[in-house]
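Report on the structure given below.
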Amino acid sequence: MIFLIALASLAGFILIALADLAAGGGKSKLKQYVAAGIAAYIVLIIIIYFILPAFIIPNILWLNAIGILFAAFPLFASKQAEKKTKNVGVSLAGILLAVVVIGAVVCVIANFAVYQSSYDHVVKSTEEEAKPMDEDKTPIAIAPSSVRNKMNKKMSVVPDTQLYHLGSLQTQTVGSTNEYIAPVEFDGFFKWLKGGETSGYFVIDATDLGAQPEFVENKLSYVPSAYFHKDLQRIIYSRYPSYIQEGDARLEVDEEGKAWYVQTVYQPKRFTKKANGDDIQVVVVNPYNGESKIYDADQAPDFIENTISPEMASKLNTYYGEYSGGFWNRHFGKAGVKIPNDNGTEHGVTAVFSEDGSIQYFTDFKSPKENIDSALGYSMVDGRTGEVTFFGGEKNNGIMDSSGAVQVVEKEYPEKKWEGKMPVLYNIEGNPTWVISVLDSNGIFKQYAYVRAADSDYVVFGDNAKSTLEAYRLQLSTDTSTAESTGDAPVQQISGEVNRLYISNNNAGAKTIQFLLKDQDVIYSINSTDAPYAIFLKEGDQVSFEAAMQDGAASATIEQISIEGLNKN
C-alpha cells in the first residue's frame, strides 16, 4: 500500500514530465525525468514509511508538492532546450504549484470553518446533577502514576527484562474486577531484533491500594514497539491508509485471557484533519498473528471497554466545550465557551469506573477568563461510544475547579512536597466533592483527600477511600448548610435505644444532635431546625425514624425523629 501511495504522490511530477516531453524534450530529457522520478519515488517511500501520513487531501497536496519539486531538476537542467519547450513545462509546473497552494489555502480555511460542524457532530447530552456516589458501585481507582510505580518495581520478574520497558496503561473490567493492564514493550530497535516477541503484560486490581501487580506471560509479536512488518502502527496504516490513528494502541484482555491491541481511528472531515464525533471507528488487532478488523466504536466486541482513546476523549471535550459557536467565537466573542482543564491523568482526562462496569473519561471545565478558578461543570465521555455527557446544574455553580482543589490539598503538605493527582468530582450526599489522590514525588500513594467543592475549608484526609468517605460524610452531617440529598439510597425504618449522645452548636445558632443506638455503630445526625424537640433527647430514650442510607454506611443524616414519651417530632 505504501508503494501505491508513493506512486499517487508522483501525479504532479508525471503530468509535468509528460507535458514537457510531448513538447519535444528528446532522449536526454527522458533520462533526466526517469532519474528524477526514481529519486522522487524513493524519497516519497522513505517519507511515507517513517511518517505514515494518512492519505487524505491535505497530505496528498504536500506529498505531491515534493514530487513537483523533483520535476524542477530536469525541467531546468538543459540550457540548450528551446524556449517554447521550457515554457510548456514551466507553465504546467506553475499551474500545479498554484493548485497545491490554492488547495493548501482551502484546507486552512476549511480547518477554521468546520469547528462548528465538529461541535455539531459530537454526540452529547446534559444532566443537572450526577447520581449520588455509591462507593461499592463507583469505586475510587488508584492513580495511574502510583500503579506504574508498582509495576516498574516488579519488572525484574519479566523474562529477559533488559529488553523491555512498561507500555501504556489501560483501564478495563474483567468479570467483576476493575483492573489496570500494561504490556511490556521493546526498549528500542536492537532489543526488538534480539527478542522478536514481547513477554506479556502486568495486571493489577485498580481499586485495591494493597494490591500488587501480577505478571502474565503471554508472548506477543505484533506490538507498537516492534519494527518493520510487525510494527502495529504500520500494519494498521497499510490496511486503512485513509484513517487517522488517534492516540496509542492499547492492550485489552478478553474474558479468556487472550490479548488484543485496540486503536482508535477516524476518517476526517473533507479538506481537514478534524474528526466526526458521531463516526469514530476502532481497529482491533490480534497481536499473535497480526490479523485485524475494523468496527464502529460502539460495535466492537463486548470485552473492549475503551474503543475511545484518552486522546480522542480529550479532543471531543475540546470540540464540545470550546467550539459551540465556531472558531471565531472561541477566540473573540467567547459566548458559551468552556475550556477543559488539563488535570486528568492522561491527555487531560481521567478514566473512572461506572456502576455498570463501563469506563468513562472525566474532565472539568473552566471559564476562558483568566484568574477565575471556579468550575463551569464537568463531562463524562463514554469509553465505548464517545458520547459526551455534561453535568452542570445549580449545585455545580460556583464550585472550585480541579486546579483549585489540587492547590487546597497541596497547601496541607508544603514541606513534604506531596502532590494532588487524579482529581475527580463526585456527588456525595448531594454535595459536589473532589476526590484526590495524594502522592509523593516518586508517585507513591500517601493519602486520599475529599474536598468539598463549594467550600475549601471542608477537607478530609485518610489512608483509604472507604474510611475517608465515612469521615467526610460525618463532617457533612454536622453542617446544616450542606445538602441533604441521599439520591437513590434505600429508605430504612430504624428504631432502638439511644446509647451515646453529643450535641454541638453551629455558626447559624442551631444545634446538631448526634447519637448512637445500642448495638449499632452508625452515627445518626439531626438538626434542631428540622426537629426542635430533638434537643431534649437523652441517653436511654427509645426512638424511631426513617433514614435513607446505603448498606454499610458509617453515618446518616435524618430530618424527623419520634421520641418515646415525648410524642413530638
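The values are calculated or read from the model by the stated rules, or taken from the named source; none is laboratory data. This structure is a prediction, so every number in the text was calculated from the model and none was measured. FYI the Cβ positions are ideal-geometry reconstructions off the backbone, even for glycines, and counts take in every protein chain you see. Surface accessibility is based on the protein's heavy atoms, side chains included, excluding ligands, DNA and RNA. Shrake-Rupley method; radii C 1.70, N 1.55, O 1.52, S 1.80 Å.
Listing for the model above:
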item	result
Set Tyr319, Tyr295: member being touching a helix residue (DSSP H, G or I) at 6+ places or on another chain (Cβ under 6 Å), modelled with pLDDT of 90 or more and either closer than 24 Å to Gly420 by Cα or of a type in the set (Ser, Thr, Tyr) (or both)	Tyr319
Residue list for segment 432-446, filter: closer than 21 Å to Met400 by Cα and open to solvent by 10 Å² or more (accessible area, probe 1.4 Å)	Pro432
Test: Pro74 is in contact (Cβ under 8 Å) with a residue 24 or more places away in the chain and either open to solvent by less than 40 Å² (accessible area, probe 1.4 Å) or in the same structural domain as Val101 (by the TED database) (or both)	yes
In segment 359-391, residue modelled with the lowest pLDDT [restricted to those that are in contact with a helix residue (DSSP H, G or I) (Cβ under 7 Å, 6 or more places away or on another chain) and open to solvent by 30 Å² or more (accessible area, probe 1.4 Å)]	Asp373
Number of the condition not met by Ala547 [criteria: (1) under 30 Å from Leu209 (Cα atoms); (2) at pLDDT 80 or above]	(1)
From Lys421, Lys395, residue being out of contact with any Asp or Glu (no Cβ under 9 Å at 6 or more places or on another chain), in contact (Cβ under 8 Å) with a residue 60 or more places away in the chain, more than 18 Å from Thr138 (Cα to Cα) and not hydrophobic (A, V, I, L, M, F, W, C)	Lys421
Unique residue being over 27 Å from Leu166 (Cβ atoms), part of a strand (DSSP E or B) and touching a Pro at 6+ places or on another chain (Cβ under 9 Å) when the list is Tyr295, Tyr261, Tyr320	Tyr295
Filtered residues of segment 146-163 (kept if under 18 Å from Leu220 (Cβ atoms) and among the β-branched types (Val, Ile, Thr))	Val157, Val158, Thr161
Unmet requirement for Glu129, which otherwise passes all of (1) in a helix (DSSP H, G or I); (2) among the charged types (D, E, K, R); (3) outside the structural domain of Ser225 (by the TED database)	(1)
Check on Asp356, under 29 Å from Pro53 (Cα atoms), open to solvent by 10 Å² or more (accessible area, probe 1.4 Å) and either part of a loop (DSSP other than H, G, I, E, B) or not assigned by the TED database to the domain that holds Gln233 (or both)	no
